[in-house]
Structures are given as structure tokens and as C-alpha cells.
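Q: Provided herewith is a single structure, encoded as C-alpha cells, for subsequent inquiry.
Every number here is computed from the coordinates shown, using simple stated rules; none is lab data. As the structure is a prediction and not an experimental result, all values here were calculated from the model. Positions of Cβ are generated from backbone atoms using ideal geometry, with glycine treated the same way; all protein chains shown enter the neighbour counts.
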Amino acid sequence: METMGVTRETKVTVLYLFSNVVCSIVIVLLNKWVYVHVGFPNVTLSMLHFAVTFVGLYFCQRWNMFQVKSVGLKDMLPLSLTFCGFVVFTNLSLQHNTVGTFQLAKFMTTPCIILIQMFVYNKQFSLLVKLTLIPIVLGVFLNFCYDLQFSVIGTLYAALGVLVTSFYQVLVSTKQHELQMDSMQLLYYQAPLSAFILLLVVPVLEPVQATLIHDWTVTDLLMVSASCIIAFFVNISIYWIIGNTSPLTYNMVGHLKFCMTVLGGVLIFEDTLHINQGIGVLLTVMGITAYAHVKLKEHKPPVRTLENECEILIRKM
């Protein structure tokens, strides 16, 4: 029975990992397709993503997948504002950059979070952690320098996306500890509040009338709907993977998604990939892998040898 239980659990884990990889790749390529071929407004699409995510989470809590916790508006407003910022700027980065450049720029979130924690929260990091940031930054810099479709506005959106995403992730970590809430409980409040905030700014930032009178085809409607639904499944699968696998597993899955998404951008959107960009990609992946390895070693609990066990028993006596 135990063997069957382990096998069933392994199958579920593989299913979630596979779903996350597929959905994460598809959502990037779908969004890019919607921007290129439909010209769908960025902020409006983000608002629809939030609305559909809330509907999905509502049914999840009705099916007892998580428990809703009461929380005040003042606690959720900063989270929702930064949540809006990171999704909108990230999507704008995707809209104005190649898929490869968009994906690679997101890796800058790691050094940005470290800098925020060092200078805002006075947190200290080891020399090895700091050294792993060098290939990450150098790799991203190489990619941007040799990107044949480089644009100033695309770079600006990528930088703003990294900055706001970093602040959001630090804020989420702080709020989860402070409010004793998990990711799904936070997202249950963030999603509808973020959708409402974007609903207020959409008429100011985007041509609503142009969207309404657009000559919609069945394909256009299906692509936009699919983007919203898959965005929800990406959030759910990420939550499950983080909660049920190791940080190393999640990190390796991230590398796989990155490589496959870049390949998808080259094959589907004919994104160019200069040889120096390839070197930049390799440097960045090596830096991220080294960072994950160092962090795992730093947080690895000490091995309990027979001698240590004897010492513990003596102390207890």
C-alpha cells in the first residue's frame, strides 16, 4: 500500500510539474500572439487575467483547496498595487521585446531582490551569493547589447518590470509572515482588488472604444480567453510546486521553461538569436544555477551523525 501511495504521489507531482512547464510556456507565447496579431490592449488583458483568476480561486475555496482568511484593505492595497505594476510592466516588456529578451530580463529579479534586502532591510549575504550575481548581470547585459530588435522603450519596460516585481516579491514574503497567510489566500484578495484598480485606469490609459469595435474573429476571442484561463492554471501550479517540491526542483523547472520559451520565440515569432546572445543566455543560466546551489547549501540542515545523536541523548538525560 505504501508503494502504491508513493507511486500515486509521484504521478501527481509529475503531472503538476508538466502542467506548470506547459502552461508557463504557452501563456508567454499566447500573450505575445495576442499582442502581435490582435493588438489587444496590455492593461485590459491583465485586468481580465485578474478577474478570471479570482473566479477560479472562488471555486477552489468552495472545493476546500484552501481556507479564506479575513484581512483588512490597508494590508492588501500595497500588495495589489505592486501586483498590478509587476504584471502590467512584465506584459509590456513582452509586448515590446523578443520572447528571449523578455525571459532573460526576468532573471535580473534575483540580484534586484538581493539589493533591496541589503539596502532597505539591512540583510547580509555571503560573498559566494554576491559572486553568483556577476554572470547573471553580465549575461543579461550581453543579450540586450546584441539583441537585433533592441528598443529603448522595451528596455525601460523590462527594467520597470524587474524593479516592481522585486518589490512585490519582497512585500509578499513580508506579508505572508506578518499575516500568516499562504500564496493562494493572499491571491484570493489580491486578484479582485487588482482587477478593480485596473478597471479604473483602463479608460485613461487605453482606447476602450477601439477594443470594443475591433473586428473580432473566433480565433481572436479563443486566444484571449485561453490566455486568461491558462494564467489561472499557471498560478495554481506554481503554488502547488513551491509547496510540495524542493526549491532545487522549482529552480530546475524554471530553467527548462526558460530554454523552451526562448526556442518557441525563435520558431514561432522568428526572433533572432545572435551567438553573443547565446553566450549571454548560458552565463545567466550558469549564474542562476550557482545561486540556487549556494543558497541550498547555506540552508541545508547539519547532518545528524551517530556522535551528534549521542550528544543529544546525553543533553536530554
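Q: Arrange the peptides 41-52, 14-25 so that the one whose residues have, on average, the most other Cβ atoms within 10 Å appears first.
A: With the highest mean Cβ count within 10 Å placed first, the list reads 41-52, 14-25.
Q: Related question: Can you flag which of K32/K130; K32/K295; K130/K297; K106/K295 are past 25 Å Cα-Cα?
A: Result: K32/K130; K32/K295 exceed 25 Å.
Q: Output wanted: per-residue J couplings in Hz (rounded whole) for the stretch 30-37, from phi through Karplus 6.51 cos²θ - 1.76 cosθ + 1.60, θ = phi - 60°, x for Gly and Pro.
A: Computed from phi, the couplings for the stretch 30-37 are 5, 4, 4, 4, 5, 5, 6, 9 Hz.
Q: Now a separate question. With θ set to phi - 60°, apply the Karplus curve 6.51 cos²θ - 1.76 cosθ + 1.60 along the stretch 164-173 and write out the HN-Hα couplings as whole Hz, x wherever there is a Gly or Pro.
A: Ordered by residue, 3J(HN,Hα) equals 5, 4, 5, 4, 4, 5, 5, 5, 4, 4 Hz.
Q: For the peptides 87-98, 61-72, what is the packing order when you average, over each peptide's residues, the other Cβ atoms within 10 Å and list the highest mean first?
A: Top of the packing list down: 87-98, 61-72.
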